[in-house]
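Asker: Let me begin by handing over the structure; questions about it come next.
The values are calculated or read from the model by the stated rules, or taken from the named source; none is laboratory data. Predicted, not measured: the structure shown is a model, and the values here were computed from it. Cβ coordinates were reconstructed from backbone atoms using ideal geometry, including for glycine residues, and neighbour counts include every protein chain displayed. Keep in mind that these areas ignore ligands, DNA and RNA; they rest on the heavy atoms of the full protein, side chains included. Shrake-Rupley method; radii C 1.70, N 1.55, O 1.52, S 1.80 Å.
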Amino acid sequence: MAKEKSIKEIEDLPGIGPATAEKLKAAGYTDLDKVAVASPYELSEAIGISADSAKKAIEAAKQATTLEFETGESVLEKREAIGKISTGSKGFDELLGGGVETNAITEAYGRFASGKTQVGFQLAVNVQLDHGKGGLDGGTLFIDTEGTFRPERIEAIAKSAGLDPKKVLENIFVVRATTTDQQVIAIERADKLIKEKNIKLIIVDSISSLFRAEFLGRGGLAERQQKLNGHIHKLQRLADTHAVAVYITNQVIDNPGILFGDPTTPVGGNIIAHAATTRLYMRKSKEDKRIVRLVDSPNMPEGEAVIKITPEGIKD
Ligand code: GTP
Ligand code: MG
């Protein structure tokens, strides 16, 4: 692959002096690959250089990184190492090919009361189950942007899953974010917690509500999308580097412009749609029933599952 002789370390990047290189390392950009996959916005935010300088550094890092080819077989081996968290419903798990995957972002979008948060609670409990029993024996980082985290509900679901509710709550780390800055920072600083507390699931409920509220009518759509983009990329990087599952919820907005089909569109436009590996559309059905539609997946066919929200959690 293209390789520039002169650039071997981040110190060699154009416009990056020793002091900036230190800042890069401190921010987690420890090698050229990490710089190469960063977005200019993210990089400039992290180390306080202009977006333009960041762009140049990223371009040079891309040129300098070596790419190795691997066989399909070795990719398959890695895929088999990917963890899956059970949703509590057999039908829902089958729709996902076994459950919510690590190393990826799963987005659930839908109207209010469609069950997005309840699925999050169930996953926060189930991730604590043992390997092979629907869990990954790990904890949850829960970013609550809507003030809807309910420990009582977690307790009820945990009991029904045969777990000690107190222990389950001890392994759920909740951040109540009330501004997009807090939401972004919670994820920027998550590396340490993920390692120390064996976090295997990150939930952002919801990814979009604060962005939507804060930037409403400010004409700052470009700014909002850029900030949201950086946030989502950081989530993707956490998913990759720590092999955690990321579950994000998203609201839908009514789109009266659509004459045929479902007149609702998820918030956040293409940014969230592109970043999410798997996308689920949830909607209300009769009583406690909810319909989950797999809208986008790299390896599973589109389809639907019907789940129930019961006092004990998500069931078939
Ligand atoms: P928004 O966050 O408002 O967009 O909605 P959401 O999609 O997150 O909905 P949520 O997951 O909060 O689902 C709400 C629904 O779950 C309610 O309509 C209730 O029917 C159900 N629900 C919530 N709590 C309980 C509970 O303790 N027991 C039972 N049986 N159902 C519950
Ligand atoms: Mg909710």
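Asker: Take Gly162 and tell me if it is at positive phi and within 16 Å of ligand 1 (Cβ to nearest atom). Spell out how you get there, then give the answer.
Answerer: Numbers: at positive phi: yes; within 16 Å of ligand 1 (Cβ to nearest atom): no.
When the stated conditions are applied, Gly162 does not pass them.
Asker: Examine the range 223-246 for a residue that is of a type in the set (A, V, I, L, M, F, W, C), within 16 Å of ligand 1 (Cβ to nearest atom) and in the same structural domain as Lys116 (by TED's automatic domain parsing), and state whether such a residue exists. Can you show your working first?
Answerer: So the first thing to find is which residues in the range 223-246 are of a type in the set (A, V, I, L, M, F, W, C), and the list is 228, 232, 235, 238-239, 243-246.
Subsequent filtering for residues that are within 16 Å of ligand 1 (Cβ to nearest atom) retains none.
No, the range 223-246 contains no residue that is of a type in the set (A, V, I, L, M, F, W, C), within 16 Å of ligand 1 (Cβ to nearest atom) and in the same structural domain as Lys116 (by TED's automatic domain parsing).
Asker: Next question, about the same structure. Would you confirm whether any residue within the range 252-269 is open to solvent by less than 60 Å² (accessible area, probe 1.4 Å), of a type in the set (Gly, Ala, Ser), away from ligand 1 (no atom under 16 Å from the Cβ) and not in a loop (DSSP other than H, G, I, E, B)? Reasoning before the result, please.
Answerer: Filtering the range 252-269 down to residues open to solvent by less than 60 Å² (accessible area, probe 1.4 Å) leaves 252, 255, 263-269.
Still in the running and of a type in the set (Gly, Ala, Ser): 268-269.
Next cut, away from ligand 1 (no atom under 16 Å from the Cβ) only: 269.
Right, trim to not in a loop (DSSP other than H, G, I, E, B) and you get 269.
The answer is yes, given that some residue of the range 252-269 is open to solvent by less than 60 Å² (accessible area, probe 1.4 Å), of a type in the set (Gly, Ala, Ser), away from ligand 1 (no atom under 16 Å from the Cβ) and not in a loop (DSSP other than H, G, I, E, B).
Asker: Now for a different question. Restricting to the range 183-220, what's the tally of residues that are farther than 26 Å from Asp240 by Cβ and touching a Gly at 6+ places or on another chain (Cβ under 9 Å)? If you could, list the steps in order and put the result at the bottom.
Answerer: Filtering the range 183-220 for residues farther than 26 Å from Asp240 by Cβ gives 212-220.
If we keep only those that are touching a Gly at 6+ places or on another chain (Cβ under 9 Å) as well, we get 212, 214.
Final tally of qualifying residues: 2.
Asker: Just to be sure I understand, how many residues within the range 187-235 are assigned to a helix (DSSP H, G or I) and within 16 Å of ligand 2 (Cβ to nearest atom)? Walk me through how you get there before you give the answer.
Answerer: Taking the range 187-235 first, the residues assigned to a helix (DSSP H, G or I) are 187-188, 190-196, 209-214, 221-235.
Checking which are within 16 Å of ligand 2 (Cβ to nearest atom) leaves us with 209-213.
Counting residues in the range 187-235 that are assigned to a helix (DSSP H, G or I) and within 16 Å of ligand 2 (Cβ to nearest atom) gives 5.
Asker: How many residues are of a type in the set (A, V, I, L, M, F, W, C), open to solvent by 30 Å² or more (accessible area, probe 1.4 Å) and not in a helix (DSSP H, G or I) when one looks only at the range 27-48?
Answerer: Narrowing the range 27-48 to residues of a type in the set (A, V, I, L, M, F, W, C): 27, 32, 35-38, 43, 46-47.
Restricting the remaining residues to those that are open to solvent by 30 Å² or more (accessible area, probe 1.4 Å) gives 27, 37, 46.
Going one step further and asking which of them are not in a helix (DSSP H, G or I), we end up with 27, 37.
Residues in the range 27-48 being of a type in the set (A, V, I, L, M, F, W, C), open to solvent by 30 Å² or more (accessible area, probe 1.4 Å) and not in a helix (DSSP H, G or I): 2 in total.
Asker: Among the residues of the range 150-180, what is the count of those that are open to solvent by 30 Å² or more (accessible area, probe 1.4 Å) and either part of a helix (DSSP H, G or I) or not aliphatic (A, V, I, L, M) (or both)?
Answerer: At the first step, the residues of the range 150-180 found to be open to solvent by 30 Å² or more (accessible area, probe 1.4 Å) are 150-153, 155-156, 159-164, 166-167, 169-171, 173-176, 178-179.
From the residues that got through so far, the ones that are either part of a helix (DSSP H, G or I) or not aliphatic (A, V, I, L, M) (or both) too are 150-153, 155-156, 159-160, 162, 164, 166-167, 169-171, 173, 176, 178-179.
Of the residues in that region, 19 qualify.
Asker: Right, another one. Please specify each residue of the range 84-133 satisfying the condition of being open to solvent by less than 20 Å² (accessible area, probe 1.4 Å), more than 16 Å from ligand 1 (Cβ to nearest atom) and assigned to a strand (DSSP E or B).
Answerer: Within the range 84-133, Ile85, Ala104, Ile105 meet the criteria.
Asker: Under the condition of being open to solvent by less than 10 Å² (accessible area, probe 1.4 Å) and not aromatic (Phe, Trp, Tyr), which residue from the range 134-144 is nearest to ligand 1 (Cβ to nearest atom)?
Answerer: So the first thing to find is which residues in the range 134-144 are open to solvent by less than 10 Å² (accessible area, probe 1.4 Å), and the list is 135, 138-144.
Subset that is not aromatic (Phe, Trp, Tyr): 135, 138-141, 143-144.
Numbers: Gly135: 20, Gly138: 22, Gly139: 21, Thr140: 16, Leu141: 18, Ile143: 14, Asp144: 11 Å.
Within the range 134-144, the match that is nearest to ligand 1 (Cβ to nearest atom) is Asp144.
Asker: Quick check on the range 178-186. Is at least one of its residues within 16 Å of ligand 2 (Cβ to nearest atom) and over 16 Å from the mean Cα position of the chain (by Cα)?
Answerer: Restricting attention to the range 178-186, the residues satisfying the condition of being within 16 Å of ligand 2 (Cβ to nearest atom) are 178, 183.
Filter once more, keeping what is over 16 Å from the mean Cα position of the chain (by Cα): 178.
Among the residues of the range 178-186, at least one is within 16 Å of ligand 2 (Cβ to nearest atom) and over 16 Å from the mean Cα position of the chain (by Cα), which makes the answer yes.
Asker: On to the next question. Is the range 239-247 home to any residue that is on the phi > 0 side of the Ramachandran plot and either in contact (Cβ under 8 Å) with a residue 24 or more places away in the chain or surrounded by fewer than 22 Cβ atoms within 10 Å (Cβ to Cβ) (or both)? Spell out the reasoning first.
Answerer: At the first step, the residues of the range 239-247 found to be on the phi > 0 side of the Ramachandran plot are 243.
Still in the running and either in contact (Cβ under 8 Å) with a residue 24 or more places away in the chain or surrounded by fewer than 22 Cβ atoms within 10 Å (Cβ to Cβ) (or both): 243.
Taking every residue of the range 239-247 in turn, at least one turns out to be on the phi > 0 side of the Ramachandran plot and either in contact (Cβ under 8 Å) with a residue 24 or more places away in the chain or surrounded by fewer than 22 Cβ atoms within 10 Å (Cβ to Cβ) (or both).
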